[in-house]
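**Student:** Handing you this structure, nothing more for now.
The values are calculated or read from the model by the stated rules, or taken from the named source; none is laboratory data. Computed from a predicted structure; not experimentally measured. Cβ: placed from backbone, ideal geometry, glycine included. Neighbour counts: every protein chain shown.
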Amino acid sequence: MENNFDIFKVLVGNEEDIDYKKKPVIIQGITGNFGSTHTRLMKEYGTNIVAGVTPGKGGQEFEGIPIFNTMADAVDFHKVEISGIFVPAPFFLKAAKEAIDSGIKLLVAIPEHVPVRDSLDILEYAKNKGVKMIGPNTPGVIVPDIIKIGIMPALPFSSGSTVVLSRSGTLMYEVSYTLTKSGFGQKICLGIGGDPINGTNLIESFELIRNRNDVDSVVVVGEIGGDAEENLADYIISTDFSLPVVAYVAGRSAPKEKKMGHAGAIVYGTYGSAESKVSNYAKAGVPVAKRPAEVPVLLKEKLKK
């Protein structure tokens with residue numbers, strides 16, 4: 001992750017800023033069934049949604065939120081750096097490029113089934129423009145009690161100093177809930193996304209938090225397939241990452257050489273297997289929970305050391 005790009009600052013600002021905790025957000029696809037449902041829930045949580053974009057519906061409103069035909073019109077009217085994208089996958093590439101061209105700095109890309117070529121295209125486009133993307137195929141991102149952009153329910157999350165990074169949406173909720181019940185509130189919970197191509201990967205996320213004084217631990221929710229966890233373990237070792245880290249790897253009982261669920265969850269031989277991930281984590285001193293309920297137990301042990 002670029003050293004000058006701070007997702008925290010984009011999401012919540014600085015405490016001395018007048019708009020701290022009230023960063024404005026635009027929702028692309030606000031009038032669709034999916035977009036409208038989650039816009040309502042995000043707004044109820046306290047997210048400052050100032051505008052929506054749906055081509056052809058400019059001038060209308062959704063529950064008091066003005067709708068614009070284009071991102072350019074919406075951004076011209078509101079000073080906004082964040083866009084939540086809820087459009088169907090076939091329209092994602094165009095919507096994301098439109099957001100970037102309008103001046104958006106952080107894209108939270110919710111759609112699943114985005115073609116890999118489109119993901120690669122938009123990541124290159126975003127990189128050239130200095131824009132970061134979370135997703136696609138992500139539940140979103142939440143800074144508990146401040147802002148949530150995505151489809152996650154509010155109940156599992158509470159504010160604190162543990163960071164949760166997850167390749168799985170529902171497991172992000174479950175693990176966060178077990179942490180909350182055990183007294184471990186979260187500083188930020190970020191869905192990496194279940195696709196092979198991620199706008200913000202695990203290592204970039206660790207770079208975001210490694211020097212923060214308000215973070216005391218990290219929980220990584222992974223799954224079989226790909227080499228994200230293996231690469232992360234190498235990163236922890238090579239950079240001497242100092243914060244306590246606990247992991248959970250889903251899919252230990254999945255059959256080999258069969259794609260399971262997410263597009264990224266495919267194992268060939270030992271490549272991407274649970275055994276490979278657990279072994280590499282062990283080398284990095286990262287304990288791996290056998291079930292979500294064990295995560296806070298292991299975290300408590302790590303924080304004692």
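**Student:** Looking only at the stretch 66-75, which residues are assigned to a helix (DSSP H, G or I) and either closer than 25 Å to Val143 by Cα or free of Cβ contacts under 8 Å to residues at least 24 places away in the same chain (or both)?
**Tutor:** Met71, Asp73, Ala74, Val75
**Student:** Further, regarding this structure: Restricting the search to the stretch 31-52, which residues are in a loop (DSSP other than H, G, I, E, B) and surrounded by fewer than 16 Cβ atoms within 10 Å (Cβ to Cβ)?
**Tutor:** Gly46
**Student:** Give Ile151, Ile237 a once-over and let me know the one that is surrounded by fewer than 18 Cβ atoms within 10 Å (Cβ to Cβ), of a type in the set (Val, Ile, Thr), at negative phi and modelled with pLDDT of 95 or more.
**Tutor:** Ile237
**Student:** Given the criteria farther than 24 Å from Tyr45 by Cα and assigned by TED's automatic domain parsing to the domain that holds Ala247, does Phe184 qualify?
**Tutor:** In short, no.
**Student:** Only residues in the stretch 42-61 that are not assigned by TED's automatic domain parsing to the domain that holds Ala99 count as the first member; pair them with residues that are basic (Lys, Arg) and surrounded by 15 or more Cβ atoms within 10 Å (Cβ to Cβ), Cβ under 8 angstrom, at least 6 apart or cross-chain, and list the lot.
**Tutor:** If the second residue must be basic (Lys, Arg) and surrounded by 15 or more Cβ atoms within 10 Å (Cβ to Cβ), no pairs are left.
**Student:** Out of (1) surrounded by fewer than 18 Cβ atoms within 10 Å (Cβ to Cβ); (2) without any contact (Cβ under 8 Å) to a residue 40 or more places away in the chain; (3) touching a helix residue (DSSP H, G or I) at 6+ places or on another chain (Cβ under 8 Å), the odd one out for Leu93 is which?
**Tutor:** For Leu93, the failing item is (1).
**Student:** Is it true that some residue in the stretch 53-76 is under 21 Å from Gly193 (Cα atoms) and surrounded by 21 or more Cβ atoms within 10 Å (Cβ to Cβ)?
**Tutor:** No.
**Student:** Also: Output the number of the condition that Tyr45 fails; it satisfies all remaining conditions of (1) farther than 16 Å from Met133 by Cα; (2) of a type outside the set (S, T, N, Q); (3) over 20 Å from the mean Cα position of the chain (by Cα).
**Tutor:** Failing condition for Tyr45: (3).
**Student:** Can you tell me which residues in the stretch 154-172 are buried (at least 24 other Cβ atoms within 10 Å of the Cβ) and over 12 Å from the mean Cα position of the chain (by Cα)?
**Tutor:** Phe157, Thr162
**Student:** Within the stretch 206-225, can you find the residues that are modelled with pLDDT of 90 or more, within 19 Å of Glu174 (Cβ to Cβ) and not small (Gly, Ala, Ser)?
**Tutor:** Val218, Val219, Val220, Val221
**Student:** Given the options Phe91, Phe77, Phe86, Phe62, name the one that is in contact with a Phe, Trp or Tyr (Cβ under 9 Å, 6 or more places away or on another chain) and more than 24 Å from Pro144 (Cα to Cα).
**Tutor:** When all the criteria are applied, what remains is Phe77.
**Student:** Within the set of pairs 6 or more residues apart or between chains, which connect a residue that is in contact (Cβ under 8 Å) with a residue 40 or more places away in the chain inside the stretch 171-182 to a residue that is crowded, with 20+ Cβ neighbours inside 10 Å and among the acidic types (Asp, Glu) with Cβ atoms less than 8 Å apart?
**Tutor:** Leu171/Glu223
**Student:** Which residues, counting only those in the stretch 185-225, are assigned to a loop (DSSP other than H, G, I, E, B), surrounded by fewer than 23 Cβ atoms within 10 Å (Cβ to Cβ) and over 14 Å from the mean Cα position of the chain (by Cα)?
**Tutor:** Correct list: Gly185, Pro196, Arg210, Asn211, Arg212, Asn213, Asp214, Val215, Asp216.
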